[in-house]
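Report on the following structure.
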Amino acid sequence: MLWEHVTRVQITVPPIMRTQKPEWQKRIAEERIEILFHLAEKNFLKNPDRSRRYIELARKIGLRYNVRMSRERKKSFCKKCNMLLKKGKSAKLEVDKKYRTILLKCLNCNTVYRVYEK
Ligand SMILES: [Zn+2]
């Protein structure tokens, strides 16, 4: 990826302007989200708090510009504390014997997500 050399960038969330967002703004928003997720990924081990902050910003930008995240991306972080959910590191897989489903537990805030895996 292009962002390999990027260590830290200052990204600010722009203020709310009009309700109808032009296409180019949406594109920039998508690009910012991309960068933020990459940075979150990169800072995950060394600086978890910064990593969470990046996810938070990415989500804010997404909301503001109506940028939809892919299903995979949506599942990649905790909706409550914005922590990237990595199995064996920040998340744990548990089997729910009663309902016979797999649960993914965020080890940061203990939120449990139901994972449908086939
Ligand atoms: Zn969490």
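Values quoted throughout were computed directly from the atomic coordinates according to the rules given, and no laboratory measurement underlies them. Note that the coordinates shown come from a computational prediction; the quantities given were computed from them, not determined experimentally. Cβ: placed from backbone, ideal geometry, glycine included. Neighbour counts: every protein chain shown.
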- Message: Rounded to two decimal places and with Rh computed the Kirkwood way over Cα pairs, what is Rg over Rh for region 2-115?
- Response: 1.03
- Item | For region 2-115, size of Cβ-based charge dipole, Lys and Arg +1, Asp and Glu -1, in debye | 500
- Task: In nm, give the distance between the simple-model label positions of residue 23 and residue 47, each being 7 Å from the Cα along the Cα-to-Cβ direction.
- Result: 3.7
- Based on other C-beta atoms within 10 Å, arrange 83, 69 from fewest to most. 69, 83
- Query: Full extension from residue 111 to residue 97: what is 0.36 nm times the residue separation minus their Cα-Cα distance, to one decimal in nm?
  - Reply: 3.2 nm
